[in-house]
Amino acid sequence: MKWDDFPEWGARVSEWAADYHRTVGERPVRAQVAPGEVLNALPGAPPEMAEPLEQVFQDFEQIVMPGITHWQHPRFFAYFASNAAPASVLAEFLASALAPQCMLWQTSPAATEMETRMMDWLRQALGLPEPFQGVIQDSASSATLAAVLTVRERALDWAGNARGLAGGPQLRVYSSTEVHTSIDRAIWISGIGAENLVRVPIAGDWRGMDPEALERAIKADLDAGLVPAGVILCVGGTGTGATDPVAACLAVARKYGLYTHVDAAWSGSAMICPEYRHMWEGVEAADSIVFNPHKWLGVQFDCSAHFLRDPDSLVKTLAISPEYLKTHGADGIINYSEWSVPLGRRFRALKLWFVLRAYGLEALRQRLRNHIDWSRELHDRLAAEPDFEIVTAPMWSLFTFRYTGRGDLDAVNLALVNAINDDGRIYLTQTRVDGDLVIRFQAGQFDATREDVMMAYDVITEIARATQ
Ligand SMILES: *Cc1c(COP(=O)(O)O)cnc(C)c1O
């Protein structure tokens, strides 16, 4: 294929994409293929000779499309949404045509400076105070890894990178029992070790960390000669939206001089609405905060916003060239690769710029408020049904419930989720709450309507009662 052929194919692909999005609601949400079906449809060996793109495109439709789960489907209520607003897709198209590497200021000044400005726009949109500066990471997992590495280096007085951990002090990191698995992995990879991630018990309706239990755990570790190093808080956990009492936990962490990171990967987007900011009240005392515009805000994957109250510790941990430490930002030049684990960086700020301008904050707030209102309406309707019970109350647009039919309720509800997903009109996932298997509902797809959310009520009640 030559660039001369590109305009024709580009037009065809954008036609295809617009049509796909117009009609995606007619497809089953979850892919209905069996394991191995796609693999077996793909030749075992690579082609020696060029094939016409026409043939490749046909195979894309025939082999790939049946194996796609439609994350852009308006009735995708599983996991969390992974949105791709059209303005964001266009920006990604441009970014992939330019394909710049954005690791240093000089490797594309526009990308670096756009990133600085977009992260400051987001900081203001979330109501975070001025000292916070931001960097775009590929994922919340990477942001959390960078934060945990900072926890480690700060506690070791920046000697860990040089000397390794053998023979050093036993570092301790604290989180609630409800945090995302990305925290476990950051603890493994950083060498801190899973046994040193202390799971502080939760309390209260928000299933958040008990700050008194946090302080007891820190004191017990100090008494035992261990070295408390950091606290990882959760605002809007993945299973049920668990949310730690941020101000109280950060106060304990500060009292003991610990580095703090807040994982608000999903719910952070909701903080563009001032009425939700009380749910992370006190967050301005955190050292590090992450949220994913690539979940709820309409910016397509990957785009994770990582804010630092003072980037120095992070840069001191990750910058490979010591001389840059003295100048980063001070001379007006930032090399963002010093703020993240990978060296190479995509031009991700462009899609934030497109999305924020093409919709404006007010329309984005309206979308989120709609999702939250409709999810509550669905919650109220299921709560009123005698054979359903709400297990965890709505946190933003997320709640969990179970069907209380006959038999082993874990098995009944797992069978119900599977039957619903085989049906294809909606897509849900399950989680465990205090050991019980429950069904999880969240609304967050960019173009979902109230009717889409209400269809979940019809599908859930109909299939539950039909299978009993
Ligand atoms: C989705 C999610 C993550 C992981 O996000 P990635 O960007 O996929 O790494 C982490 N924490 C929470 C609470 C999440 O919901």
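Some values worked out for this structure:
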| item | result |
| --- | --- |
| Selection from region 264-295 of residues that are of a type in the set (Lys, Arg) and either crowded, with 24+ Cβ neighbours inside 10 Å or within 16 Å of the ligand (Cβ to nearest atom) (or both) | 295 |
| Count - residues of region 393-417 that are out of contact with any helix residue (DSSP H, G or I) (no Cβ under 6 Å at 6 or more places or on another chain), in contact (Cβ under 8 Å) with a residue 40 or more places away in the chain and of a type in the set (S, T, N, Q) | 1 |
| All positions within region 210-263 that are of a type in the set (A, V, I, L, M) and within 16 Å of the ligand (Cβ to nearest atom) | 231, 232, 233, 235, 242, 246, 262 |
| Near pairs, Cβ below 8 angstrom, 6+ apart or cross-chain, from region 122-144 (in contact (Cβ under 8 Å) with a residue 60 or more places away in the chain) to any residue that is among the β-branched types (Val, Ile, Thr) and part of a strand (DSSP E or B) | 128/289; 132/289; 137/290; 140/290; 143/290; 144/232; 144/290 |
| Some residue of region 396-403 being surrounded by 21 or more Cβ atoms within 10 Å (Cβ to Cβ) and on the phi > 0 side of the Ramachandran plot | yes |
| Qualifying residue in region 296-313 (condition: of a type in the set (Val, Ile, Thr), within 16 Å of the ligand (Cβ to nearest atom) and more than 30 Å from residue 90 (Cβ to Cβ)) | no |
| Qualifying residue in region 157-173 (condition: farther than 26 Å from residue 221 by Cβ, more than 16 Å from the ligand (Cβ to nearest atom) and in contact (Cβ under 8 Å) with a residue 24 or more places away in the chain) | no |
| Any hit, region 109-118, residues being part of a loop (DSSP other than H, G, I, E, B) and under 20 Å from the mean Cα position of the chain (by Cα) | no |
| Search result, residues across region 113-123 that are touching a helix residue (DSSP H, G or I) at 6+ places or on another chain (Cβ under 9 Å) and surrounded by fewer than 23 Cβ atoms within 10 Å (Cβ to Cβ) | 113, 114, 116, 117, 119, 121 |
| Unique residue being away from the ligand (no atom under 16 Å from the Cβ), surrounded by 22 or more Cβ atoms within 10 Å (Cβ to Cβ) and at pLDDT below 95 when the list is 334, 320 | 334 |
| Tally, over region 81-107, of residues that are within 16 Å of the ligand (Cβ to nearest atom), buried (at least 22 other Cβ atoms within 10 Å of the Cβ) and not in a helix (DSSP H, G or I) | 2 |
| Of all residues in region 181-201 being surrounded by 20 or more Cβ atoms within 10 Å (Cβ to Cβ) and in contact (Cβ under 8 Å) with a residue 40 or more places away in the chain, the one that is nearest to the ligand (Cβ to nearest atom) | 182 |
| Single residue of region 259-282 satisfying the filter (within 15 Å of residue 310 (Cβ to Cβ) and touching a residue at least 40 places away in the same chain (Cβ under 8 Å)) that is nearest to the chain's Cα centre (by Cα) | 261 |
| Residue count, region 237-256 (criterion: assigned to a helix (DSSP H, G or I) and of a type in the set (S, T, N, Q)) | 0 |
| Region 429-446, subset in a loop (DSSP other than H, G, I, E, B) and in contact with a helix residue (DSSP H, G or I) (Cβ under 7 Å, 6 or more places away or on another chain), residue farthest from residue 389 (Cα to Cα) | 446 |
| Qualifying positions in region 396-434 - basic (Lys, Arg) and at pLDDT below 95 | 406 |
| Unmet criterion (only one of (1) within 16 Å of the ligand (Cβ to nearest atom); (2) crowded, with 22+ Cβ neighbours inside 10 Å; (3) within 15 Å of residue 339 (Cβ to Cβ)) for residue 139 | (2) |
| Criterion (in contact with a helix residue (DSSP H, G or I) (Cβ under 8 Å, 6 or more places away or on another chain), closer than 21 Å to residue 236 by Cβ and among the hydrophobic types (A, V, I, L, M, F, W, C)) met by exactly one of 390, 426, 420 | 390 |
| Sole exception among (1) within 16 Å of the ligand (Cβ to nearest atom); (2) part of a helix (DSSP H, G or I); (3) among the aromatic types (Phe, Trp, Tyr) for residue 353, by number | (1) |
| So residue 148, is it within 16 Å of the ligand (Cβ to nearest atom) and either touching a Phe, Trp or Tyr at 6+ places or on another chain (Cβ under 7 Å) or of a type in the set (Val, Ile, Thr) (or both) | yes |
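The values are calculated or read from the model by the stated rules, or taken from the named source; none is laboratory data. In this text the structure is predicted, and so the values were computed from the model without any measurement. Here the Cβ is made from the backbone with ideal geometry for all residues, glycine too, and neighbour counts use every protein chain on show.
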